[in-house]
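Some notes on the structure that comes next.
Since every read-out is calculated from the coordinates, none of them should be taken as a lab result. Quantities reported herein were computed from a predicted structural model and do not represent experimental measurements. Reconstructed Cβ throughout: ideal geometry from the backbone, glycine too, with neighbour counts over all protein chains shown.
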Amino acid sequence: MIAVVADTGPLLHLHEAEALRILPWIAEVTIPSIVERELSCYPLFSKPAWLSTHPLSQSANAKSVAWQEAGLVDEGEADALALAICLRLVSDR
């Protein structure tokens, strides 16, 4: 099984398409805390038990803040990318 870190958009849109339930069949999905908070703003979305939340380390948070301050991505995207690097799912090179 593959491991992925998700941002709010893909999870929300899979939910809207009634396809979110297929995701745990193909991947172990982790989200940063900000993504959980963003998803909680949608009253029809309830966090599935298979979706795990992982806090950012200090170094991952520093990367996220730098990307946000540079205007490259928003907070959820930056945290998801930083978490993926922290969990060694992608390279930071």
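Of A80, H15, W25, which is farthest on the positive side of the dipole of the range 2-86, counting Cα position, with +1 on Lys and Arg Cβ, -1 on Asp and Glu Cβ, and the Cα centre as origin? My answer, from the dipole projection, is W25. Placing unit charges on each Cβ (+1 for Lys and Arg, -1 for Asp and Glu) gives the range 2-86 a dipole about its Cα centre, and among C41, Q68, Q58 the Cα reaching farthest toward its positive end belongs to Q58. The length gained by stretching the chain between W50 and H13 to full extension, at 0.36 nm per residue less their Cα-Cα distance, is 11.6 nm. Against the chain, whose longest principal axis is taken from its Cα atoms, helix 75-86 shows a tilt of about 80°. Think of each Lys and Arg Cβ as +1 and each Asp and Glu Cβ as -1; about the Cα centre, that makes the dipole of the chain roughly 300 debye.
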